[in-house]
Each structure stands twice: as structure tokens, then as C-alpha cells.
Amino acid sequence: MPLPFGIKAPSKGTVIFGSIVAAIGGTVYTSNHYATESRKRLCDQVSWLAERPCDVHEIPRKVSVYISAPPGDGLEKSRSWFREYVKPILVAGAVDYEIKEASGPGQIEFAVRDEIVRRRRIAAAQKERKEQESSNISPSSPEQKNAFSAMNPPTLDAIKHKKEEHLVDGVLAIGRQAWREVLSGIVLGCKAPLVVIPPAVPESETNTNNKNEEDINKEKNIEGTKDELDLDLALGVDAASSDSGSGADQSNEEITPVEPEPVAEKLMMDEIAVNGNGNVDSDTTNSTDSSASQERFDIPPVLSPVMYIPQENIIGWTNIPYRLFMWAADYQRIEKVGKYVVAAVLNETRPLRPEDENQGESEKVYWIGDDDTKELVQRDTPIVVDDRLRGHLTTYTSKDLP
């Protein structure tokens, strides 16, 4: 049957080409449509936080996001994962974020450890300040007797310190490797000493530095003496006309530059002034070494909630079909990852349970690569938190999470 208006029937190749283009275009459109709907549904759950009016003294929430390169791939994969699945929900909930990237293993662990040590130092300083204030104020002071005495307003430093203390109130770890290092960094931060012991300087370097300082000081004194002699010679004509004897005596006088006190002697005098004698206080050194050798575990009064964010880095030739399927069904991944971020934005917490520690086992299926990656898979052990710390850690929760 001929087509109307003189239209010719398409050839077989045209039909095949049109079918392929329509199938690919329909798949892309459907994937983008469902992904947009899923992302909008998640953002609507937290958008009311951005629309509500804030209090005058309310500080916006801020979370730290730790990312590292997935095994067998580069750091750009983790950055793209954050931009696609984490960032839109944080922005919709008006939550500030601070991204901390790790280019190598162990960097996240050290960063978390330093943050825990910093919080412990702040808590120790506040405790010491309160003890000093309580010891300085006596019960018979006028401030204690007068109940209507005005209170001292908080200083700007105290307000700034309070803002810095509550600046970051959440930790998000993307991937199993970042999650492991965050938990181990918290444990190391509780064990680390608060006193920073500077590295020992070799005696030869100290003597060399002292000699260099002595030479510089001598040169400065000699230059100053030459300037004084030139000034005296310039003024010597007037002095000779008024008193010729004084000018002769001044020309014959021997001038000796004053040598500064050596640095080594100054350090020795300071040590004598502190200890009361010329001997080194060995008890202090021994007590420092013994206290450093003993295992300590000091938990800061405030620990931010921690949250594991799933990450799937699908690589490998055998995983190409599954990768194409997840590219078409990207909305499933958005919903899977988004419910963890929604819980972090809503800020509903619960204690960390043992089953929450060893997360990300499914990621190891895609740890494919060179010998280093294979060795990493073999060395990967279950993540276990110290029993002394487990009761103090919290994580985010919601109705969609177990």
C-alpha cells in the first residue's frame, strides 16, 4: 500500500538507525527524569531547614567531609561522587561543608587525630581557667556578698572561641577507607599526649649556632666602635681648642668592645635560676618519659557525630554491563546514598552500634587494580572501635535507615 503525499517507505538501515537512536535517547531521558525526581524528593525533606528563620545567635551548621581516592582509581572519582550525590542535599538543607581530601593513606587519620587533640587542649584550658577563677574569688569578696552586682559581659575572645568550638558538628566519611581512618584517628587522638615535645637538637649544631651568633655580635660591636671613633675625631678639634690635655688622653685611651654573654652560658644561668643549682633536674625528665610511655585514653567532652556515606566505584572489564545498567538507573544510587545525607542534615543522632562500625564491605568487590590494590584487599580487616570509645560515639539516623 503506497504512503500518502508521495512519501517513500524508509529503508531497512534507516529503520535500524532510527530505532537505536530512539532507544538511547529514551533511556537517557528516562534516567535524567527519574534522577531529577529522586533528587528533588530528597531535597524536599530538608528544604524546610533552609526556609525557616534563624535566631540572632544561631550559628549555621557545618560538617566536615572526608574523601580519599578509591583503591585502584583516582581522587577525581570521589570528588564527582560528592558533587552528584552529597552536595545537592547539603545545599538544600543550608548546611555548610568543609571538604578534606587525602592524596595518600593515613592523611585523614592524622587530620582527625589532630582535631581530637585540639579539642582536648581546649577542654583542658577551660577546666584550668575555671579552677583559677574559683580559687581567686573568695567567699568574702564584695561580688559574692552583693547579689545585685553586675555580671561581667562576655568578651569578644570568649564569643569567638565559642563559635570556633561549635563550628563543625558533624563528620561525613565517603567510602570504607575514609570511614576506617576517621574512626582510627579518633582513637589515636584520645591516646595522643597533649604536651608537644620538640625534637632534640644535636650538640654540634647548637655549638655552631652559638659561634655564629657570637661572631655576628662581635662584628656589630666593632662597627659601632668605629662609628664612635669617627665621631670623636670629627669633634676632636673643638675639644683640643678648649682643653688640649683631654684630647691627648682620649687619643691614647684603649677601647675594648663589650662581648655579649654567650648563649650557652645564658641557658645555663636560666637553668640554675629555675632549678636552684647547676645540676640538670633528672626527675622531671624521667617523669616526662614515664608519662609519655604510659598508655592514656582521654576522651574530649564533645565528639561530633560520624556518618558513613556509601561509595561504589565500578571499574573492571567484567563489570561493564553492570556499570551501564547503573548509569541508566542512576536514580537508585541517588536514593541509596541520599538517605544517609538526609539523616546527617536532619541532625537526628543515636549511639553508634557495633554493626555500624564495619561498613563498606560491598565496596571491596570493585577494588581492582595493580599489586598495591590487591595487597590492600588482603590487608583489609574488619573495622572495630575501641570499647572505651564506643559508648561516646554517635551517628545520624532517620526513618529510612536501620
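Starting from the Cα-Cα distance between E361 and E84, subtract it from 0.36 nm times their residue separation and give me the gain in nm to one decimal.
97.5 nm
Just the number please: accessible area per residue for the stretch 34-77, 1.4 Å probe, all protein chains included, in Å².
Per residue, the stretch 34-77 has an accessible area of 59 Å².
With label points built 7 Å along Cα→Cβ from the Cα atoms of K40 and E76, find their separation and express it in nm.
3.2
Run the simple label-point estimate for L194 and R350 please: 7 Å along Cα→C-beta, distance reported in nm.
Rounded to a tenth, the inter-label distance reads 3.5 nm.
First compute the accessible area of the stretch 346-388 with a 1.4 Å probe, then give the percent of it belonging to carbon and sulfur atoms.
About 48 percent, which is the carbon plus sulfur part of the accessible surface.
Return the FRET efficiency for the residue pair V168, L324: r is the Cβ-Cβ distance, R0 is 41 Å, and the value is rounded to the nearest 0.05.
The computed FRET efficiency comes out at 0.60.
Using a 1.4 Å probe, how large is the accessible area of E51, given in Å² and rounded to the nearest 10?
Approximately 140 Å² of E51 is accessible to the 1.4 Å probe.
Using a simple spin-label model with points 7 Å from Cα along the Cα→Cβ vector, what separation in nm is obtained for S398 and I20?
4.1
Could you work out what % of the accessible surface of the stretch 1-71 is carbon and sulfur, using a 1.4 angstrom probe and leaving DNA, RNA and ligands out of the count?
67
Between L49 and R118, what is the FRET efficiency for a Förster distance of 30 Å, r being their Cβ-Cβ separation, to the nearest 0.05?
Taking R0 as 30 Å, the efficiency between L49 and R118 is 0.60.
Quick one: length gained pulling I314 to F5 fully straight, 0.36 nm per residue minus the C-alpha distance?
Contour length minus the Cα-Cα distance gives 106.1 nm.
Given a 1.4 angstrom probe, what's the average accessible area per residue across the stretch 344-402, in square angstrom?
That works out to 60 Å² per residue.
The values are calculated or read from the model by the stated rules, or taken from the named source; none is laboratory data. Every value quoted in this text rests on a predicted model; they were computed, and no experiment measured them. Positions of Cβ are backbone-derived with ideal geometry, glycine not excepted, and every protein chain shown enters the neighbour counts. Just the protein is used for accessible areas: all its heavy atoms, side chains included, with ligands, DNA and RNA removed. Shrake-Rupley method; radii C 1.70, N 1.55, O 1.52, S 1.80 Å.
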